[in-house]
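The values are calculated or read from the model by the stated rules, or taken from the named source; none is laboratory data. Because the structure is predicted, anything quoted here is derived from the model rather than measured. Glycine also receives a Cβ, built like all others from the backbone with ideal geometry; neighbour counts cover every protein chain displayed.
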Amino acid sequence: MNNGAVNMEPVFISAAILLTALLVVSYYVNNGVGTMGAPLRQLALFLMNKAPVGLVDLFKDEPGSGSRTWIKYGTGWFILTVISGFIAIWHNYDPTALDSLASIGWSYDDGSALADFTSAVMLISFTYLLIGGCLVAVARTGNNRLASEASASMIALLYTAALSFNLILIPIIFKFADIADEQTIRDLISLMVNYVASSLFFTALLINVLATYSQRDEGTTSVTAWFLIMAIVAKLVASMYYVIGEAADITQMAWMSERIIEGWVPLILMFALAYHVIPHAANVPIWSGSLLNANMVLLFVTVPPFFMTAANAGDLLQNVGALLLTFSLLPLFAGSVNLLATASSNSSGILKNPGALSATLAMFLLPIFAVGSYFTAMDTLTGTNQMLTMSSTIDNGFMYTVGGLMMLSAMFSSYPLASGNKLAEPSRANMSVWFMMLGGLTATITMLIGDFTEKAVLDSGVEEVVASTSGFYLVAAAMFYLVPISVILATLVLIRTSTSSQKLTEVGSKISDVEIYTLVEGTSTTIQQLLGRGVGVNTTLMIGDATEDDGGSTVIAVSATLHNDEITEFPEEEPIEEVPEEHKGPAKELMMLVDYLKSSGQTVFEFFKSIDLDDSGSIDGYEFQQALVKSDVGEFPPWEVDGLVAAIDLDSDGNINLPELDIALAKIAAAYSSPDAEVLESEASDEMSKSDLNKLKKAELISIAKEKGVAETGTKADLIAAILGE
């Protein structure tokens, strides 16, 4: 790791390039690449299923196998991480604890090599487990499987082989071999494995994720998939920065690379997994769309406080860096509050699911560690170095506690979904979660107390006073011992789950986890906001009505939309103005349109087809404006047409489809006791064949059925049969 001071000016150029890359990828992920989408996907499938020739065929391509492989390898690295972490803390207490191994050639240093090894392995295990968990969420948005499960498994194996060679085999080889310029060769090998080879592996993984995500249903989206794609893209750009920085001796780019890989990417993966696990277990949509947007956007334009290194620059640039570091708390608090509020909507469901409980506890602790890391990071960024080792203590505590809880969440929530088996021994899994939180948190607090004690003694200036922190390290090591026990328990649960005979009724589904979503009558929202909160195309939308309870107070059906910043739950009462008699009832323009259809002998179906200029199945404001001119209703400015469109637009998508126009005109005619109301509705339904009705969404069919007074429940086929009177 490059801990040297850097000049900050080129960092902003690197940051601008990264943000541009993220924006471009985000745009094409959300909007597609047009006619090139299908050919590119076929090319991606060919590359994943055929390359390398023969090697990929050795791996299973069954649903969930790729995700399971990533989680299994991550579990192995996780065990190695917590064991080495415990040894590192114990070595701080007793530096001679491992001297007995000198007889077999063990040469122990001051502990820095073990600390570096532990940090590297921790990041590896974290990456494996959280990517494995996120791949489950991505698969559920498509066909319940990755585009190539075999390719995902192969990448996991190759990446593990490369990392094992670099972290384990190379030190052993150099230990017993007399090689000149040893450090330079080791640095070169580390560069090739950690940045060059890993970039190739993650590029293949990104292609797999994009190919899978492209198969999602039209109009659906996944917060987890979006976060995962951004994390992989950021990691690829950061790897490129590090290689260029080391090759050209540009320390600024190497510094930026470290901030992305050690700061951004872990936080992105944490939120990616949490936004899948918590709403899935609570069976409710994400609590607030505005907090979600703040979390998603601000996270990429601030400087994360974790694992900060020194950066010397001019006063202006240092102030900008400190400002961005301060703002980094906003997306962390926004995401944590949003997910905690989502979990509180169904606390019983969270408590019954060890994986969701683990993720919820992680989101509870994240702001606490973020605040502590902010102060130590500010001290490190400005180069004052008044906090001694507190920065590394908080950062390591953050990864073992918050990161450890998120890794357990992947093991207990995502692995059962990928394997199709129910989680074995939930009680043991819950014990593992509490052990992880208690051990990691108490060990971090104890070590911080030791660091504060040492700082207080040094600041006193009294030379006779000697600070002894060995007792704090002893207590910290004893408390941290709960963390390895937690991981061992979790591993046993994982093994039992993989061999369990109890199957899940639903492994993964494109259907949203939210079955029913209640909207309060009179509130406004958009389809994008609903999708962002976990609502799917098959979610039943319920419009709540106001009712009176026995006490006489008004009870309103409350939904997540009330948590928007624009909504006031208890608005002040305003005087009710008397509406003139001539302005009561439906819009005059729509009544004139009913009269036009009657006089011209057109059905609603014929009229709609004539004004649907682009034959898209829906008409926008401009097409409706031209229709009003054509029908002699009048020529209206755009702002008045928008009001008419909003009055007809039942699903608030900004366009009018045939069922919406049919329903609106039937209501107009019925409100004026027009004998043509039933005729207009029946003629439109008669003109619409079964094939036309099949093209409509289920919510639109329910609206038509409700207007016709027929059955409103059942499948789409049942609704169509009821509408057609079959």
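Tabulated data for the structure shown
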read-out	value
Lone unmet requirement of (1) assigned to a helix (DSSP H, G or I); (2) within 30 Å of Asn346 (Cβ to Cβ) for Gln252	(2)
Any hit, the range 143-158, residues being of a type in the set (Asp, Glu) and either outside any loop (DSSP other than H, G, I, E, B) or touching a Ser or Thr at 6+ places or on another chain (Cβ under 8 Å) (or both)	yes
Residue within the range 205-223 that is charged (D, E, K, R) and touching a Ser or Thr at 6+ places or on another chain (Cβ under 6 Å) present	yes
Those residues of the range 289-314 which are under 14 Å from the mean Cα position of the chain (by Cα), of a type in the set (Gly, Ala, Ser) and crowded, with 22+ Cβ neighbours inside 10 Å, in sequence order	Gly289
Odd one out for Gly404 among (1) out of contact with any Leu (no Cβ under 8 Å at 6 or more places or on another chain); (2) without any contact (Cβ under 8 Å) to a residue 12 or more places away in the chain	(2)
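Rundown of residues vs (1) exposed (fewer than 12 other Cβ atoms within 10 Å of the Cβ); (2) outside any helix (DSSP H, G or I), yes/no style:
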position: Val29; (1), (2): no, no
position: Phe46; (1), (2): yes, no
position: Gly54; (1), (2): yes, yes
position: Gly66; (1), (2): no, no
position: Gly76; (1), (2): no, no
position: Trp90; (1), (2): no, no
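This table checks each residue for (1) aromatic (Phe, Trp, Tyr); (2) modelled with pLDDT of 90 or more.
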position	(1), (2)
Leu292	no, yes
Leu299	no, yes
Phe306	yes, yes
Thr309	no, no
Asn319	no, no
Leu330	no, yes
Ser336	no, yes
